[in-house]
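Accompanying notes for the structure given below.
The values are calculated or read from the model by the stated rules, or taken from the named source; none is laboratory data. All figures in this text were calculated on a predicted structure; none of them were measured in a lab. Reconstructed Cβ throughout: ideal geometry from the backbone, glycine too, with neighbour counts over all protein chains shown.
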Amino acid sequence: MEGKWEEIDQYARQWIAEAGQRIRASFAEPLTVETKENRNDLVTNVDRGIEQFFAEHIRRQFPGHRLLGEEGFGDELAALDGVVWVIDPIDGTMNFVHQRRHFAVSVGIFEDGVGQLGYVYDVVFDELYTAQKGKGLFLNGEPLGRLQPAPVAESIIAINGTWLMENKRLDHRPLVRLAKDARGTRSYGSAALELAYVAAGRLDAYISPRLSPWDFAGGMILIEEAGGIMTNLDGKPIDLLNRSSVLAAKPGVHEEILYRYLRG
Ligand code: IPD
Ligand code: CA
Ligand code: CA
Ligand code: CA
């Protein structure tokens, strides 16, 4: 790896580890929970504190880099030129508040829109998924194999039950057919973790009709390095600056979902 990325990678790992320690330490402190867009959209003092922690460190160490984050400590980005860190300080805040597990810190680092370094850190299980462009996927430093094609009939598909019911966002019927045909379905409540699981082969596909860049930026780099495929639900490339639907899967499963179900 080029020296520049080696240096960025070292800092990213150090800050993610420290963020994890801070989050674990927060379990012993009182939590302030507020709502954002609706009563189920939660944010805590810890989400904000961790994003601020990253923002301060990135700005001090790499003043030329920019940050896109969920909680408002980042920059207003109109384009993806230069080095951009896309950070979700806690992905799965509802799990963090209610369950104190099944949430992650997600970081994706891009240069001119190209994913270079990706991290998803499961803080409670102490599982750090990392990927460097062209170097493959690692879990706690151990290389993971490339994803092999599989059929839907032998797949576990991560999808939130909401999207299998009639809803305003999309036609649920193709997804109901897909859920029936799959070996099983799961929903973990953290897009970043679910993408990391697809990359690691623990899940075969993940589907969401509406995510924000910080939900999928880190996971997207993991998926790419694992040999998986990630597009929106129309099969088009994901736009990193805007909300997007996401279909991330092993090869084979991705095409089958897209052509037999979503376009079928
Ligand atoms: C949420 C999680 C969840 C997804 C939501 C996201 P947050 O992120 O990734 O799995 O279904 O759309 O908003 O708010 O916990 O960071
Ligand atoms: Ca949130
Ligand atoms: Ca999120
Ligand atoms: Ca979040």
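Table for the structure above
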{"quantity": "Residue check, I109 in contact (Cβ under 8 Å) with a residue 24 or more places away in the chain and over 22 Å from G74 (Cβ atoms)", "calculated": "no"}
{"quantity": "Candidates K168, K135 - the one that is surrounded by fewer than 17 Cβ atoms within 10 Å (Cβ to Cβ) and either within 15 Å of K250 (Cβ to Cβ) or not assigned by TED's automatic domain parsing to the domain that holds I223 (or both)", "calculated": "K135"}
{"quantity": "Region 10-60: number of residues that are more than 15 Å from ligand 2 (Cβ to nearest atom) and among the acidic types (D, E)", "calculated": "3"}
{"quantity": "Helices (runs of 4 or more DSSP H) contained entirely in region 1-108, each with at least 1 residues that are farther than 17 Å from L211 by Cβ and of a type in the set (D, E, K, R)", "calculated": "3-26, 45-61"}
{"quantity": "Unique residue being out of contact with any Gly (no Cβ under 9 Å at 6 or more places or on another chain), within 16 Å of ligand 4 (Cβ to nearest atom) and not hydroxyl-bearing (S, T, Y) when the list is L211, L195, L175, L233", "calculated": "L211"}
{"quantity": "E224 being acidic (D, E) and more than 11 Å from the chain's Cα centre (by Cα)", "calculated": "yes"}
{"quantity": "Members of region 34-50 found to be surrounded by 16 or more Cβ atoms within 10 Å (Cβ to Cβ) and within 14 Å of ligand 3 (Cβ to nearest atom), listed by number", "calculated": "L42, V43, T44, V46, D47, R48, I50"}
{"quantity": "Some residue of region 180-200 being closer than 23 Å to F96 by Cβ, among the charged types (D, E, K, R), in the same structural domain as I238 (by TED's automatic domain parsing) and crowded, with 20+ Cβ neighbours inside 10 Å", "calculated": "yes"}
{"quantity": "Test: G72 is of a type outside the set (K, R), at positive phi and within 14 Å of ligand 1 (Cβ to nearest atom)", "calculated": "yes"}
{"quantity": "Residues (within 16 Å of ligand 4 (Cβ to nearest atom) and either of a type outside the set (G, A, S) or under 23 Å from R13 (Cα atoms) (or both)) located in region 182-192", "calculated": "Y188, S190, A191, A192"}
{"quantity": "Failed condition for A28, given (1) among the small types (G, A, S); (2) within 16 Å of ligand 3 (Cβ to nearest atom); (3) out of contact with any Pro (no Cβ under 9 Å at 6 or more places or on another chain)", "calculated": "(2)"}
{"quantity": "Hey, S155 of a type outside the set (A, V, I, L, M, F, W, C), more than 16 Å from ligand 2 (Cβ to nearest atom) and modelled with pLDDT of 95 or more or not", "calculated": "yes"}
{"quantity": "Members of region 74-93 found to be more than 10 Å from ligand 4 (Cβ to nearest atom) and touching a strand residue (DSSP E or B) at 6+ places or on another chain (Cβ under 7 Å), listed by number", "calculated": "G74, D75, L77, L80, G82, V83, V84, W85, V86"}
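Okay, residues lined up against (1) crowded, with 20+ Cβ neighbours inside 10 Å; (2) assigned by TED's automatic domain parsing to the domain that holds L222; (3) among the polar types (S, T, N, Q); (4) within 11 Å of ligand 3 (Cβ to nearest atom):
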| residue | (1), (2), (3), (4) |
| --- | --- |
| Q52 | no, no, yes, no |
| Q61 | no, no, yes, no |
| G69 | yes, no, no, yes |
| E76 | no, no, no, no |
| D81 | no, no, no, no |
| P89 | yes, no, no, yes |
| V97 | no, no, no, no |
| R101 | no, no, no, no |
| V107 | yes, no, no, no |
